[in-house]
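These notes concern the structure reproduced below.
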2 protein chains.
Amino acid sequence: MKNKVTIKDVAKYAGVSPSTVSRVLNNYLHIKPDKRQKVEEAIKELNFEPNEIARSLITNKSKTIGLVVDDISNPFFSETSKVIILKARQLGYEILIYDTSGEEDLKKTLKFLLSRNLSGIIVGSVSRYDQNFEELVGESIPVVYFNRKPEKSNFFSVTMDNKKGSKMTISHLIQKGHSRIAFIGGPFEYSTYYDRYLGYYESINEFGLTIDEELILKGKPTNDYIQNFVTRILSKPDRPTAIVASTDQIAITVLDAIEKNNFRVPNDVAVIGFDNIQVSSNPYIGLTTISQQKSKMAELALNTLILLIEKNLKETPEDVVISPKLITRKTT
Amino acid sequence: MKNKVTIKDVAKYAGVSPSTVSRVLNNYLHIKPDKRQKVEEAIKELNFEPNEIARSLITNKSKTIGLVVDDISNPFFSETSKVIILKARQLGYEILIYDTSGEEDLKKTLKFLLSRNLSGIIVGSVSRYDQNFEELVGESIPVVYFNRKPEKSNFFSVTMDNKKGSKMTISHLIQKGHSRIAFIGGPFEYSTYYDRYLGYYESINEFGLTIDEELILKGKPTNDYIQNFVTRILSKPDRPTAIVASTDQIAITVLDAIEKNNFRVPNDVAVIGFDNIQVSSNPYIGLTTISQQKSKMAELALNTLILLIEKNLKETPEDVVISPKLITRKTT
DNA sequence: TTGTATGCGTTATCAA
DNA sequence: TTGATAACGCATACAA
């Protein structure tokens with residue numbers, strides 16, 4: 001059942017001109033009901049499916065949205081991507097997915113993406129300094145930053161209030177009686193990590209505790225790096241009684257490191273993560289975490305983009321900021 | 001920097017005809033070196049990027065591969081998708097991702113996909129009985145089944161020997177001294193789950209143990225379903241000392257259920273999963289599992305598809321079967 | 001070896 | 001309200 005039926009075949013079958021068929025397809029007004037019906041019958045009968053490629057060539061839109069992520073195998077991205085993919089299809093759009101991991105030359109590949117007449121782009125992972133999208137995409141098609149945003153931006157964005165999230169972890173821990181609280185950060189080139197760090201730093205001060213740089217891990221946290229750090233801080237005489245990890249994935253590694261050092265969670269050490277990925281809710285892990293309400297965030301990003309695409313108006317960019325939610329489980 | 005430069009502009013700039021530019025673009029032979037060079041210079045100078053949509057309209061190919069998965073938020077799929085996405089781009093193809101979850105009418109949406117002149121499709125999740133792809137796609141574009149395949153198939157496939165994988169779990173457990181081994185299956189409409197079940201069943205017999213239907217959970221394993229099952233079998237006087245779970249995700253829930261029943265892993269109960277997803281290797285979980293070498297599988301599927309696309313020859317379909325590997329960790 | 005003309009399947013423009 | 005025709009950007013048959 002090859003898809004070789006064209007608009008012409010439908011036109012012939014229905015006894016009208018191709019333009020009329022096109023008009024029916026695009027829900028034009030002012031079509032005589034009987035003709036419309038004939039066309040619709042012909043479409044059904046011939047099993048006609050409009051060729052999106054041809055459409056796209058002339059309209060410069062493709063009913064395809066580019067989704068740029070850092071690492072699709074990261075549960076945060078795969079889980080949000082799912083929301084975006086499903087919702088998009090529901091609205092008649094497909095998703096072209098782009099995983100930037102290990103990308104040296106974003107410019108080149110971005111141009112490749114753009115050569116497909118994308119209707120719009122959702123960028124799930126952009127560094128704080130990146131200007132590629134602003135420069136290359138410019139005003140040609142709508143772009144929405146999601147999860148992270150660069151410091152200089154002329155596009156819409158949907159992000160979480162990461163600073164606030166961090167503060168929530170600290171106040172939760174303080175309420176539980178902790179006062180020595182360690183922090184494991186991530187690459188500061190991303191706003192998510194950077195803001196979480198800032199939130200930690202500020203709230204430790206605000207609550208009248210003292211910052212101990214030895215309890216703070218900066219830089220890209222590899223497994224070994226985390227293991228060593230945890231071992232080191234837990235062996236201190238004034239060891240911390242709680243650890244805030246920048247992501248759930250880090251937190252899970254922290255859980256292991258704590259166990260390896262023969263401490264127990266949460267009695268000896270409490271642990272909090274960020275993101276509320278699926279495994280965190282698995283009772284075996286039961287990680288207390290800051291939820292960024294990622295489904296809501298993803299849906300909002302998509303809706304914003306679709307609005308920009310379909311209204312086709314250049315409103316002044318808006319930054320939607322979602323509030324974090326603390327989800328208490330057994331690690332605190 | 002809008003992408004408004006066309007082949008005509010390049011032609012004008014280089015002082016040649018558009019067709020010559022096209023020939024350079026497509027690496028034709030018989031082009032005078034000096035003209036070729038002029039064209040190449042013009043392309044660089046004008047920052048020209050061929051419009052893939054226009055190309056696709058005429059060639060009926062789109063340098064886009066459809067990737068159909070059941071659930072992209074499932075780590076197995078997100079991790080294999082990543083391999084496919086990266087490898088594909090390296091070869092000049094983009095990935096249109098399609099998540100079928102909750103799809104009632106695959107036919108309709110498949111047609112929508114096909115209306116985009118996809119170069120080929122990789123199907124990561126097809127039921128044993130599905131004939132949609134065979135019927136709708138037919139010979140129009142290449143299709144490769146990946147991970148799962150239907151019982152009747154005229155397409156290439158790349159899968160793991162799931163039966164063998166199951167047998168490996170049993171022989172591993174028997175070697176460790178277990179003889180009462182429970183099994184948690186999944187939806188039998190998928191070949192992966194079905195074959196893993198068959199492998200369990202057959203090898204229990206082959207090793208001279210007796211099948212106890214009460215130790216076998218069939219059907220779609222929800223969390224509650226798993227929890228209840230584990231609680232039930234562990235409270236039996238002749239309780240099992242090992243549990244084989246059809247996937248790592250199930251296994252992790254099993255770990256929790258075991259803990260809730262105050263048994264310890266692996267001393268009281270051993271656990272094995274399938275898939276070797278990333279979290280399983282996290283030392284905190286340390287799940288023994290059967291690896292299907294999913295990266296290798298994914299790459300093989302893509303390579304097969306690309307070969308079919310570019311050779312454009314209809315070879316007789318082949319079923320590539322990958323050998324499972326046992327990865328021993330702390331749960332057995 | 002190169003240029004001209006045509007067409008891919010659709011929408012947009014114009015006239016009727 | 002409808003139809004004829006051009007156009008989208010490119011690849012290709014054919015001519016030169």
Fill in the blank from the handout: Looking across region B:50-77 at residues that are of a type outside the set (A, V, I, L, M) and touching a Phe, Trp or Tyr at 6+ places or on another chain (Cβ under 7 Å), the single one that is farthest from residue B:251 (Cα to Cα) is B:63
Problem - Test: residue in region A:19-35 that is away from DNA strand D (no atom under 12 Å from the Cβ), in a helix (DSSP H, G or I) and of a type in the set (D, E, K, R) - result: no
Handout entry: Residues that are of a type in the set (A, V, I, L, M) and under 29 Å from the mean Cα position of the chain (by Cα), drawn from region B:26-56
Key = B:53
Practice task
Could you name every one of the helices (runs of 4 or more DSSP H) located completely within region A:219-332 that has at least 1 residues being within 14 Å of another protein chain (Cβ to nearest Cβ) and more than 25 Å from residue A:77 (Cα to Cα)?
Solution key: A:223-234, A:248-260
Exercise for the section: Report whether or not residue B:111 is within 16 Å of DNA strand C (Cβ to nearest atom), in contact with a Leu (Cβ under 9 Å, 6 or more places away or on another chain), of a type in the set (Lys, Arg) and in a loop (DSSP other than H, G, I, E, B). Expected result: no
Problem - Residue among B:5, B:39, B:16 that alone is among the hydrophobic types (A, V, I, L, M, F, W, C), open to solvent by less than 50 Å² (accessible area, probe 1.4 Å) and assigned to a helix (DSSP H, G or I) - result: B:39
Practice task
Give me the pairs, please: first residue somewhere in region B:251-266 and within 14 Å of residue B:232 (Cα to Cα) and assigned by TED's automatic domain parsing to the domain that holds residue B:226, second residue anywhere and in a loop (DSSP other than H, G, I, E, B) and open to solvent by less than 10 Å² (accessible area, probe 1.4 Å), beta-carbon distance under 6 Å, and either six or more positions apart or on two chains.
Solution key: B:258/B:269; B:263/B:269
Practice task
Return yes or no: is residue B:56 within 14 Å of DNA strand C (Cβ to nearest atom), closer than 30 Å to residue B:105 by Cα and either part of a loop (DSSP other than H, G, I, E, B) or more than 14 Å from chain A (Cβ to nearest Cβ) (or both)?
Solution key: no
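Condition check ((1) of a type in the set (S, T, N, Q); (2) touching a helix residue (DSSP H, G or I) at 6+ places or on another chain (Cβ under 9 Å); (3) touching a residue at least 12 places away in the same chain (Cβ under 8 Å)) across all residues:
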residue	(1), (2), (3)
A:18	no, yes, no
A:43	no, yes, yes
A:46	no, yes, yes
A:50	no, yes, yes
A:62	yes, yes, yes
A:68	no, yes, yes
Problem - Matching residues in region B:76-88 - criterion: being at the interface with chain A (Cβ under 7 Å from one of its Cβ atoms) and either closer than 22 Å to residue A:117 by Cα or open to solvent by 10 Å² or more (accessible area, probe 1.4 Å) (or both) - result: B:79, B:82, B:85, B:86
Practice task
Filter region A:188-217 for residues that are outside any helix (DSSP H, G or I) and either crowded, with 16+ Cβ neighbours inside 10 Å or touching a strand residue (DSSP E or B) at 6+ places or on another chain (Cβ under 9 Å) (or both) and give the result.
Solution key: A:188, A:190, A:209, A:212, A:216, A:217
Problem - Search result, residues across region B:24-36 that are open to solvent by 100 Å² or more (accessible area, probe 1.4 Å) and within 25 Å of residue B:59 (Cα to Cα) - result: B:27, B:28, B:29, B:30
Problem - Condition broken by residue B:52, with the remaining ones in (1) open to solvent by less than 60 Å² (accessible area, probe 1.4 Å); (2) modelled with pLDDT under 90; (3) within 9 Å of DNA strand D (Cβ to nearest atom) satisfied - result: (2)
Handout entry: residue A:127 being within 21 Å of residue A:194 (Cα to Cα), more than 10 Å from chain B (Cβ to nearest Cβ) and away from DNA strand D (no atom under 16 Å from the Cβ)
Key = yes
Exercise for the section: Go through B:41, B:79, B:45 for me and flag whichever is within 16 Å of DNA strand D (Cβ to nearest atom) and of a type in the set (D, E, K, R). Expected result: B:45
Exercise for the section: Return a yes/no flag: does region A:1-15 have any residue that is within 9 Å of DNA strand C (Cβ to nearest atom), touching a residue at least 24 places away in the same chain (Cβ under 8 Å) and within 11 Å of chain B (Cβ to nearest Cβ). Expected result: yes
Problem - Test for residue A:96: is it closer than 30 Å to residue B:56 by Cβ and either open to solvent by less than 10 Å² (accessible area, probe 1.4 Å) or away from chain B (no Cβ under 13 Å) (or both) - result: yes
Completion exercise
Being touching a Gly at 6+ places or on another chain (Cβ under 8 Å) and surrounded by 15 or more Cβ atoms within 10 Å (Cβ to Cβ) narrows B:255, B:308, B:300 down to just B:308
Fill in the blank from the handout: Filter region A:136-171 for residues that are in contact (Cβ under 8 Å) with a residue 40 or more places away in the chain, among the polar types (S, T, N, Q) and surrounded by fewer than 24 Cβ atoms within 10 Å (Cβ to Cβ); the one that is nearest to the other protein chains (Cβ to nearest Cβ) is A:154
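The values are calculated or read from the model by the stated rules, or taken from the named source; none is laboratory data. Everything numeric here is computed off the predicted structure, so don't read it as measured data. Virtual Cβ from ideal backbone geometry, glycine too; neighbours counted across all protein chains shown. We work out accessible area using only protein heavy atoms, side chains counted, and drop any ligands, DNA or RNA first. Shrake-Rupley method; radii C 1.70, N 1.55, O 1.52, S 1.80 Å.
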